[in-house]
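Here the structure comes first, spelled out in structure tokens, and everything after it is commentary.
The values are calculated or read from the model by the stated rules, or taken from the named source; none is laboratory data. What you see is a predicted model, and the numbers here were worked out from it, not measured in a lab. Cβ placement follows ideal geometry from the backbone for every residue including glycine, while neighbour counts extend to all protein chains displayed.
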Amino acid sequence: MKKLVVYDESCPMCRLYTKGMVLADPDLVRVGNGQLTNTVLLNQLDRQRARHELPLIDLDGGETLYGVDTWAYAFGRKNQLTSKLLSAGWLRAILQKLYAFVSVNRRIIITSAPGRWQLLDLQPDFQASYRLTFVLIVFGLVGALFTTVSGSIVPIATLLVSQLLLMCLSSVFTRSGSSLETILDYAGHLGMSLLVGGLVIGLGRAVGWPTVSAVGYALAIGQ
């Protein structure tokens with residue numbers, strides 16, 4: 001029975017892990033949302049749910065699966081141990097929460113350029129609680145990382161505050177009226193740049209390559 005995995009073309013993570021699904025189960029076929037134009041298949045989807053949970057369409061007209069159920073089908077159908085683990089209620093509840101958190105923030109975790117208009121739009125809805133939680137976690141990791149690497153959190157804290165203040169002041173003077181969504185999105189992108197930059201700086205110092213550390217600093221301030 002062939003099933004079709006529909007992934008968000010603007011999400012690098014989605015492109016990667018759906019390839020893993022197809023490798024795990026050759027009966028699966030993957031297609032980007034921009035390539036899905038068949039109205040029969042589109043009508044099998046809950047479009048709002050598909051924005052947040054990876055859909056798996058039954059090409060024979062059966063039930064469409066979403067999110068964790070898609071993962072359970074792809075990786076558990078041919079592996080009994082995985083199937084048993086994923087059927088445990090407590091684990092499924094944890095995975096549902098984790099999946100929702102990552103899904104809502106997926107275009108912040110790895111930045112991607114906006115795609116062209118598509119019949120099936122999989123842009124996740126903004127949820128302030130998830131985005132704010134993500135920003136706090138990332139900034140916490142950045143603070144811990146730079147404290148470990150440089151011995152002080154003051155420089156990176158100063159950079160964070162100044163960047164965010166500049167953005168807010170810019171919105172006031174240009175009267176662009178930056179929304180909470182815009183500010184939190186910017187903070188998320190900034191945090192990820194600093195996190196990646198900090199990891200590269202730490203790597204450069206660990207192996208004694210100043211050039212690598214310089215690249216890390218460039219990544220950290222590039223946002």
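Results, tabulated for the structure shown:
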quantity	calculated
Residue count for the stretch 49-90, restricted to those that are of a type outside the set (G, A, S) and within 21 Å of Y130 (Cβ to Cβ)	11
Test set (1) over 24 Å from the mean Cα position of the chain (by Cα); (2) closer than 30 Å to V196 by Cα - L81 fails condition number	(2)
Test: residue in the stretch 108-123 that is assigned to a helix (DSSP H, G or I), under 29 Å from D27 (Cβ atoms), at pLDDT below 90 and not assigned by TED's automatic domain parsing to the domain that holds E181	no
Test result for G61, small (G, A, S), at pLDDT below 90, on the phi > 0 side of the Ramachandran plot and touching a helix residue (DSSP H, G or I) at 6+ places or on another chain (Cβ under 9 Å)	yes
Filter result for T133 (polar (S, T, N, Q), surrounded by 11 or more Cβ atoms within 10 Å (Cβ to Cβ), modelled with pLDDT of 65 or more and within 16 Å of L184 (Cα to Cα))	yes
Boolean, L28 is farther than 30 Å from L190 by Cα, more than 20 Å from the chain's Cα centre (by Cα) and modelled with pLDDT under 90	no
Residue within the stretch 71-87 that is at pLDDT 90 or above and either touching a helix residue (DSSP H, G or I) at 6+ places or on another chain (Cβ under 6 Å) or within 26 Å of R30 (Cα to Cα) (or both) present	no
Residue in the stretch 37-48 that is in contact with a helix residue (DSSP H, G or I) (Cβ under 9 Å, 6 or more places away or on another chain) and over 29 Å from F134 (Cα atoms) present	no
Cβ pairs under 6 Å, 6+ apart, first in the stretch 54-68 and within 21 Å of Y99 (Cβ to Cβ), second among the charged types (D, E, K, R)	L56/K3; D58/K3; Y66/R49; Y66/E53; G67/E53
One residue from L56, L36 being under 23 Å from the mean Cα position of the chain (by Cα), of a type outside the set (S, T, Y) and modelled with pLDDT under 90	L36
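So that you can scan it fast, the table gives a plain yes or no per residue for (1) out of contact with any Phe, Trp or Tyr (no Cβ under 9 Å at 6 or more places or on another chain); (2) assigned by TED's automatic domain parsing to the domain that holds L132; (3) at pLDDT 80 or above:
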{"residue": "I156", "(1), (2), (3)": "no, yes, no"}
{"residue": "M167", "(1), (2), (3)": "no, yes, no"}
{"residue": "G188", "(1), (2), (3)": "no, yes, yes"}
{"residue": "V200", "(1), (2), (3)": "no, yes, yes"}
{"residue": "L203", "(1), (2), (3)": "no, yes, yes"}
{"residue": "V212", "(1), (2), (3)": "yes, yes, yes"}
{"residue": "G216", "(1), (2), (3)": "yes, yes, no"}
